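See below for the structure under consideration.
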Amino acid sequence: MRHYLVAVFSCCLLGILYPTAYFARADIPTPVVPPTDTNAEIARLEAEIANYKDQLAKTQSAGDSLSNAVKEIDINQKKIDTDVSLIQEKTKITNTTLNRLGKQISQKKDSIQSLRQAVRDGIRRLDESDQTSLLVYLMREQSIADAWREFDTIRTIESSFDASISKLADAKTDLEVKKNETEAEKKQIVLLQKELETQKKIVQANKAEKQRLLSQTKNQESAYKQMIVQSEKKKAEFEAGLRKVEEGIAYTQNIKNLPTGIAFSWPLEKIIITQRFGITASSGRLYKSGTHNGVDFGAAIGTPIYAMADGTVAGTGDTDVQCPRVSFGRFILIKYDNGLASTFGHLSVISVTKGQVVKRGELVGYSGNTGYSTGPHLHVSVYDATAVDLKTLPSISCHGKVLTQPISPVNAYLDALKYLPHQ
């Protein structure tokens with residue numbers, strides 16, 4: 001009978017130590033690897049997006065004409081459509097990962113439950129054997145050595161059961177850790193879905209921009225040139241009025257209130273500086289004041305924009321609603337905890353609201369071509385946070401209208417590159 005029990009317990013032990021024989025390899029996680037064809041598709045889409053960005057750069061440097069403007073809008077449309085496809089492919093991979101991990105965790109739980117039952121049965125039988133003392137074994141067996149071996153074998157099996165349960169519990173914990181890791185993937189899906197909806201909005205806005213341009217110009221180059229002249233005139237009038245307002249604001253800079261050294265992270269993943277702060281090669285031609293009050297970064301329409309430090313959104317708006325093509329267009333004003341503030345201008349989409357607390361690196365919007373912009377880019381103005389606020393002023397260039405936007409004393413504008421990491 002003892003040999004029979006040992007055999008039964010040994011079989012149970014095999015089921016614990018080698019569960020593949022009993023549970024069809026349910027305990028062994030299947031590696032979560034995205035399908036090769038999906039990875040290849042993502043690589044293809046990323047290469048396509050990079051190609052469209054190169055085309056946009058060439059188009060923007062080819063000169064200001066109606067055909068180039070329309071071509072730029074069309075390329076942007078293709079680029080944004082490809083962005084949408086890329087997001088959809090990434091979502092597929094994330095969903096596949098979550099589904100596989102979910103199945104693995106479920107299988108692991110089933111296996112552990114079955115194994116625990118087998119262990120409980122084995123321990124119960126071992127417990128019954130515990131009622132038999134070593135002295136009884138000695139009396140029943142022909143030799144002390146035989147009795148001791150049988151007694152020791154049962155104790156060894158019992159110990160193995162305990163070790164196996166611990167091992168299986170560890171394995172379950174490992175999978176639970178993976179499950180926790182997938183929570184990040186779920187959050188990523190939410191972000192991807194939001195970005196997908198945003199890109200679709202940008203697609204519609206881009207199409208509307210093309211229709212507006214063709215409608216205003218009647219597809220005639222001469223009409224386009226006249227539209228540009230009028231736009232530049234309105235811009236000059238607006239700047240003159242804004243400059244007069246900002247020069248009239250009394251302000252004395254207190255250097256002690258401002259940070260020293262690197263206080264910001266980059267607002268974009270890829271940095272291309274197209275115009276610096278102050279007097280530049282283009283500032284005299286582009287701005288009535290002759291100076292550029294911010295830093296411009298090359299960024300295709302729909303490029304994610306990130307907060308440069310921890311802070312609070314002091315306001316958002318769209319100057320195009322009251323007076324198109326003269327100022328920031330869609331903008332975000334953020335006051336940072338470090339004493340600085342920034343305006344992100346010419347955005348296509350704003351993803352934050354006034355009063356919202358943001359963290360360094362948090363998505364706040366997407367670049368665009370709104371307001372007075374000679375091509376898609378991100379404009380960043382930086383100020384002493386104590387000296388800038390949203391204010392409303394009558395529009396000189398759009399008579400009878402008022403504009404609400406960040407207003408700051410002229411000498412409160414700061415060079416953003418002074419606070420950004422060195423390239």
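The values are calculated or read from the model by the stated rules, or taken from the named source; none is laboratory data. From a predicted model like this one, the values you see are computed outputs, not experimental measurements. Glycine also receives a Cβ, built like all others from the backbone with ideal geometry; neighbour counts cover every protein chain displayed.
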Those residues that are surrounded by 20 or more Cβ atoms within 10 Å (Cβ to Cβ) and in a strand (DSSP E or B), I need them from region 316-334; list them, please. Thr316, Gly317, Arg330, Phe331, Ile332, Leu333, Ile334
For Val313: the one exception among (1) in a helix (DSSP H, G or I); (2) surrounded by 16 or more Cβ atoms within 10 Å (Cβ to Cβ): (1)
Which pairs turn up if I take residues in region 318-338 that are more than 14 Å from Lys391 (Cα to Cα) and look for partners that are among the basic types (Lys, Arg) and not in a loop (DSSP other than H, G, I, E, B) with beta carbon separation below 6 Å, at least 6 apart in sequence or on another chain? Val326/Lys234; Val326/Lys235
Do we find a residue being part of a loop (DSSP other than H, G, I, E, B) and surrounded by 17 or more Cβ atoms within 10 Å (Cβ to Cβ) anywhere in region 246-256? no
Out of (1) part of a strand (DSSP E or B); (2) surrounded by fewer than 24 Cβ atoms within 10 Å (Cβ to Cβ); (3) of a type in the set (S, T, N, Q); (4) within 21 Å of the chain's Cα centre (by Cα), what's the single condition that is false for Thr353? (1)
Verdict on Leu378 being more than 20 Å from the chain's Cα centre (by Cα), surrounded by 23 or more Cβ atoms within 10 Å (Cβ to Cβ) and in contact (Cβ under 8 Å) with a residue 12 or more places away in the chain: no
Return only the number of the condition from (1) part of a helix (DSSP H, G or I); (2) modelled with pLDDT of 50 or more that Ala62 does not satisfy. (1)
Do we find that Ser367 is in the same structural domain as Met227 (by TED's automatic domain parsing), over 23 Å from Pro259 (Cβ atoms) and under 22 Å from the mean Cα position of the chain (by Cα) in this structure? yes
